[in-house]
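A.B. asks: What follows is a single structure, and I will ask about it in a moment.
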Amino acid sequence: MRADMREQAIREVVAVLPDRAHDMARLAILLADAEPIVTVIGKYNHGKSRLLNELIGQEAFAVADRRETVKLSDSVHRGVRWLDAPGLDADVGTEDDRHALHAAWLHADIRLFVHAAKEGELDAKELALLAELCADSERSKRQILFVLSQVDQLADDAELQKVGHAIGAQWPGIGLNAVSSTRYRKGLDEGKKLMLERSGMPSLRVTIDAALARVPDARAHETALLFDETREELAQCLIAQQQTLDDLRRTQREQRAAFDDGVKRVIAKVSVDIDAMLNALGTDHASVPDTARDAYAITAGKLERAHIQIAYSRACIEIDSFLAGHGVMGLPSEQETVARALNSVMVAVMGVSVKFRKDLRRMFCTDAGRERMQREFAHYFELSKDRKALAMLISQSASVIDALNTASNSLRALEDAQ
Ligand SMILES: Nc1nc2c(ncn2[C@@H]2O[C@H](COP(=O)(O)OP(=O)(O)OP(=O)(O)O)[C@@H](O)[C@H]2O)c(=O)[nH]1
Ligand SMILES: [Mg+2]
């Protein structure tokens with residue numbers, strides 16, 4: 001699979017499982033299948049850079065009697081990438097340090113945990129880091145080798161044993177790998193075989209070579225583990241998200257059914273009342289025009305219109321209170337007018353000019369009239385704040401499911417392409 005497709009797939013997974021960002025970055029490295037990577041981890045000035053130089057037989061990394069290495073650097077030597085990392089107790093604590101440590105953590109197949117012998121026991125920070133590394137190693141099968149460095153700085157073998165014991169008590173079963181880079185260099189330069197042996201470097205090399213031989217298996221294990229865990233997590237997320245979506249959709253359906261039912265009942269009740277009122281009225285005087293004389297008199301026409309108005313208002317109040325109970329209040333903003341009094345759903349659906357019996361009849365006493373109201377109110381119900389929020393949640397949930405499916409498919413393609 002092409003590198004850009006691999007990156008795309010990994011981006012898709014991280015988009016839905018952000019907590020897997022680190023794992024996916026590691027997976028990308030594993031799939032790139034470059035040379036095995038060995039890194040040093042430890043406190044500053046404990047001889048990490050010099051150890052690497054002596055291991056590869058080149059002055060590849062800067063060595064100094066102070067905090068020296070501040071960023072990650074690497075050197076490929078005989079098919080192995082050696083990675084020099086900054087010392088741990090980051091008294092400067094810059095972003096660079098964090099990135100370098102992160103990268104060392106991410107890239108390395110083998111971590112050399114370096115601790116200077118003269119320091120004696122491991123401090124709290126080292127112990128915490130070692131615990132973290134061991135937990136990771138348990139899971140990923142990435143290897144950790146403990147290196148007790150600069151042992152020439154101890155007075156004698158008895159001192160070395162004491163330190164060894166102390167560290168062994170802190171971390172039972174830890175393999176020490178005691179080394180001295182200076183002894184090794186001196187032994188080489190002066191051709192002193194015994195000193196070379198006593199530097200501990202030859203046997204550390206053997207140990208590292210054995211660890212390197214295990215890297216392909218460890219990588220295969222870690223690759224399978226990352227695929228398995230991620231695939232499983234995606235599947236779990238899909239199930240959970242599908243459940244959420246189903247629940248939301250059920251709520252949406254049930255709310256709508258309850259609204260439809262309720263509105264139907266209110267309209268039916270109002271219709272019965274209006275029908276009864278209309279049937280009880282006598283002759284319709286509404287269309288008998290008032291003359292100028294009647295300006296201040298109560299006429300039959302005025303009375304009729306007043307009746308109609310009252311009946312209509314009562315119906316409106318009844319329906320309106322039902323709608324308010326279901327969150328259907330004002331018009332959606334894009335439909336609002338400057339006249340605020342007109343911005344109610346009732347006005348939008350029912351209008352304001354109901355003056356005659358035939359208007360009431362058409363609205364409330366025919367199937368077409370009632371169905372129109374039902375339809376219109378349902379339309380505004382869907383535009384109410386809560387319903388729109390619910391619809392939004394549903395569409396978000398559906399897109400999460402799409403993204404999870406996309407990520408699952410890409411991960412599968414990635415796995416198949418190995
Ligand atoms: N006596 C003795 N000194 C050593 C040994 N290894 C390294 N040193 C010295 O210890 C100092 C620090 O060594 P570095 O290799 O730079 O240490 P480091 O752990 O890389 O330090 P940072 O890069 O700052 O984290 C240098 O002066 C080295 O020459 C050793 O085995 N014995
Ligand atoms: Mg260094």
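A.B. asks: Please report, in whole Å³, the volume per residue of the convex hull around the C-alpha atoms of the stretch 24-78. Don't jump to the answer; show the numbers that get you there.
C.D. replies: Working: hull volume 5.0 nm³, N = 55.
Measuring per residue, one finds 91 Å³ for the Cα hull of the stretch 24-78.
A.B. asks: Evaluate E = 1/(1 + (r/R0)^6) for ARG375 and ALA417, where r is the Cβ-Cβ distance and R0 equals 56 Å; express this FRET efficiency to the nearest 0.05.
C.D. replies: With R0 = 56 Å, the Cβ-Cβ based efficiency is 0.55.
A.B. asks: Moving on. Tell me, in nm to one decimal, what length is gained between THR337 and ILE298 on full extension, where the rule is 0.36 nm per residue of separation less the Cα-Cα distance?
C.D. replies: Net length gain for the segment: 10.5 nm.
A.B. asks: Under the Kirkwood approximation applied to all pairs of distinct alpha-carbon atoms, what is the hydrodynamic radius of the chain in Å?
C.D. replies: By the Kirkwood definition, the hydrodynamic radius is 28.8 Å.
A.B. asks: Would you mind getting the accessible area per residue of the chain, heavy atoms of the protein chains only, 1.4 Å probe, in Å²?
C.D. replies: 54
A.B. asks: From the gyration tensor of the Cα coordinates in the stretch 165-206, what semi-axes in whole Å does the equivalent ellipsoid have, largest first, with each one equal to sqrt(5λ)?
C.D. replies: Details: eigenvalues 133, 17, 9 Å².
Rounded to whole Å, the semi-axes are 26, 9, 7.
A.B. asks: Which of the aspartates and glutamates could a cross-linker bridge to LYS193, judged by Cα under 20 Å and excluding same-chain residues fewer than eight apart?
C.D. replies: Cross-link targets: GLU54, ASP152, ASP156, ASP157.
A.B. asks: Tell me the angle of helix 21-32 to the major Cα principal axis of the chain, expressed in degrees between 0 and 90 and rounded to the nearest ten.
C.D. replies: The two axes meet at around 60 degrees.
A.B. asks: Sticking with this one: For the stretch 216-224, just list the computed ³J(HN,Hα) in residue order, Karplus coefficients 6.51, -1.76 and 1.60, θ = phi - 60°, integers in Hz, with x standing in for Gly and Pro.
C.D. replies: x, 5, 4, 5, 4, 4, 5, 4, 4
A.B. asks: For helix 95-107, report the angle its Cα long axis makes with the longest principal axis of the Cα atoms of the chain; keep it between 0 and 90° and round to the nearest 10°.
C.D. replies: 80
A.B. asks: Let me ask something else about it. Could you calculate the FRET efficiency of ARG249 with ARG11 from 1/(1 + (r/R0)^6), where r is the beta carbon distance between them and R0 is 41 Å, rounded to 0.05?
C.D. replies: That pair, ARG249 with ARG11, gives E of 0.90.
A.B. asks: Something else: If you look at just the Cα atoms of the stretch 245-286, how large are its Rg and its Dmax in Å?
C.D. replies: Gyration radius and largest Cα-Cα distance of the stretch 245-286: 18.2, 58 Å.
A.B. asks: Also: Pull up the cross-link candidates among the aspartates and glutamates for LYS358, meaning alpha carbon to alpha carbon under 19 Å and not fewer than 8 places away within one chain.
C.D. replies: Once the sequence-local aspartates and glutamates are set aside, what remains near LYS358 is ASP273, ASP275, ASP284, GLU304, ASP367, GLU371.
A.B. asks: With 29 Å as the limit, write out which pairs from LYS264/LYS355; LYS71/LYS141; LYS141/LYS162; LYS141/LYS192; LYS302/LYS385; LYS118/LYS192 have Cα-Cα distances beyond it, or answer none.
C.D. replies: In this structure, LYS141/LYS162; LYS141/LYS192; LYS302/LYS385 lie more than 29 Å apart at Cα.
A.B. asks: Calculated FRET efficiency, ALA21 and ASP217, Cβ-Cβ r, R0 41 Å, to nearest 0.05? Walk me through the intermediate numbers first.
C.D. replies: Working: r = 26 Å, r/R0 = 0.63.
That pair, ALA21 with ASP217, gives E of 0.95.
A.B. asks: For the stretch 240-405, what is one quarter of the convex hull surface built on the Cα atoms, given in nm²?
C.D. replies: Numbers: hull surface 49.9 nm².
With every direction weighted equally, the projected area is 12.5 nm².
A.B. asks: Ok, one more. Treating the stretch 327-403 as a set of equal point scatterers at the Cα positions, no solvent, please give the Debye-formula log₁₀ I(q)/I(0) at q = 0.12, 0.25 Å⁻¹.
C.D. replies: Debye output, listed in q order: -0.48, -1.12.
A.B. asks: Report the rotationally averaged projected area of the stretch 137-203 based on its alpha-carbon convex hull, in square nanometres. Could the numbers behind the result be given before it?
C.D. replies: Numbers: hull surface 21.2 nm².
The orientation-averaged projected area of the Cα hull of the stretch 137-203 comes to 5.3 nm².
A.B. asks: Helix 385-416: angle to the longest alpha-carbon principal axis of the chain, degrees 0 to 90, nearest 10?
C.D. replies: 30
A.B. asks: Let me see the P(r) profile for the stretch 34-199: every Cα-Cα distance counted, bins of 10 Å, each bin given as a percent of all pairs.
C.D. replies: Taking every Cα pair in the stretch 34-199, the percentages come to 10, 39, 38, 13, 0.
A.B. asks: While we're here: May I ask you to give the percent of accessible area on the stretch 240-405 that is carbon plus sulfur, with a probe radius of 1.4 Å?
C.D. replies: On the way: 5740 of 10000 Å².
In the stretch 240-405, the share of accessible area belonging to carbon and sulfur is 57 percent.
A.B. asks: Out of all DSSP beta bridges in the chain, what portion is antiparallel? Express it as a percent rounded to 5.
C.D. replies: Antiparallel: roughly 25 percent of the beta bridges in the chain.
A.B. asks: Right, something else. Along the Cα-to-C-beta direction of GLN309, a point sits 7 Å from the Cα; which residues of the stretch 348-377 have their amide N less than 19 Å from that point?
C.D. replies: Answer for this model: 350-361.
A.B. asks: How many angstrom lie between the C-alpha centres of the stretch 315-391 and the stretch 102-166?
C.D. replies: Value for the Cα centre distance between the two parts: 75 Å.
A.B. asks: In the stretch 34-199, carbon and sulfur make up what percent of the accessible area (probe 1.4 Å)?
C.D. replies: Numbers: 4150 of 8000 Å².
Percent of accessible area from carbon and sulfur atoms in the stretch 34-199: 52.
A.B. asks: Then there is this: Given an 8 Å cut-off on Cα distances and at least 6 residues of separation, report the relative contact order of the chain as a percent.
C.D. replies: Worked out over the chain, it gives 16 percent.
The values are calculated or read from the model by the stated rules, or taken from the named source; none is laboratory data. Only a predicted model underlies this, so the values are computations on that prediction, with no experimental measurement involved. Cβ atoms come from the backbone with ideal geometry, glycine included; neighbour counts cover every protein chain shown. Ligands, DNA and RNA are stripped out before the accessible areas are found, and what is left, the full protein with its side chains, is counted by its heavy atoms. Shrake-Rupley method; radii C 1.70, N 1.55, O 1.52, S 1.80 Å.
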